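Undergrad: I have a structure I would like to understand better, so I am pasting it below and will then ask my questions one at a time.
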Amino acid sequence: MLAQESFASASVEAPMLQDTSRFYSLAAALNEIDEGAIFLNSEGQLIWHNRAFDKLLVENREGHLLVAAVLEFAADCYQELYNSHTDRLDEISSLVREVTIGRIEHELYSTLLPKGMLGGDIFLLCIVKRSASRWSSYEELLRQTWGLTERESQVAVECLRGKKNLEIAEHLHISVETVNKHLDKVYQKAGVRGRAELASRMLDSSF
């Protein structure tokens, strides 16, 4: 499979182009955006990525699966290109795909950069946008259902994720005493007596 083969031999160095200034100028601009951005060559190999893509891999424990998903997406894009009935590469529209890695949703956008635009090869630009996780959806649901404040819903979700009060405090940059106060409010509004009942209510399919 192209994605698997490419992942094993992926390089993150910029290719030697006839006019590298255009490549590096675009790469410099992409390095400043907040979403992950990568370049792949016509063989589907990863040749460059920006700092935001690095951050995605660090924050997402299943980062290697994300890389594989992006490379597989690129392979599918090239396959669609070869199956198309046009000789003009610039007529190929951009493609979009949604992937879920672990509990994190990502949107992948691809745009083909035809031969001559950055040099003598065809390149595929992929933008990796990290969407909200299901935990963010839980927070919104808790605010609407139990009338929790934003901070209370954050504490409740971190509790559901199995974090101890000290870990919640460190993650949200608040004191342990404040975490305890928020949890007391959550228990009161949810009508439960502790973490176990809270988790049961939150994970209940009827919730």
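A short reminder: the numbers here are calculations on the coordinates, not readings from a lab. Every value quoted in this text rests on a predicted model; they were computed, and no experiment measured them. Note that we place each Cβ from the backbone using ideal geometry, even for glycine, and neighbour counts take in every protein chain shown.
Undergrad: Listed highest first by mean packing, meaning other Cβ atoms within 10 Å per residue, what order do 151-158, 46-53, 107-114 come in?
TA: Peptide ranking by packing, descending: 151-158, 46-53, 107-114.
Undergrad: Determine, for I168, I101, the number of other Cβ atoms within 10 Å of each Cβ, and report the residues in order from fewest to most.
TA: Neighbour counts put them in this order, fewest first: I101, I168.
Undergrad: Further question: Taking 28 Å as the cut-off for C-alpha to C-alpha distance, list the pairs among K129/K185; K164/K189; K55/K189; K163/K185; K163/K189 that go past it.
TA: K129/K185; K55/K189
Undergrad: Between E167 and E98, take the C-beta separation as r, use R0 = 30 Å, and let me know the FRET efficiency to the nearest 0.05. Can you show the working numbers first?
TA: Details: r = 30 Å, r/R0 = 1.02.
With R0 = 30 Å, the Cβ-Cβ based efficiency is 0.50.
Undergrad: Taking R0 as 25 Å, what's the FRET efficiency between D54 and Y109 from their Cβ-Cβ distance, rounded to 0.05?
TA: 0.85
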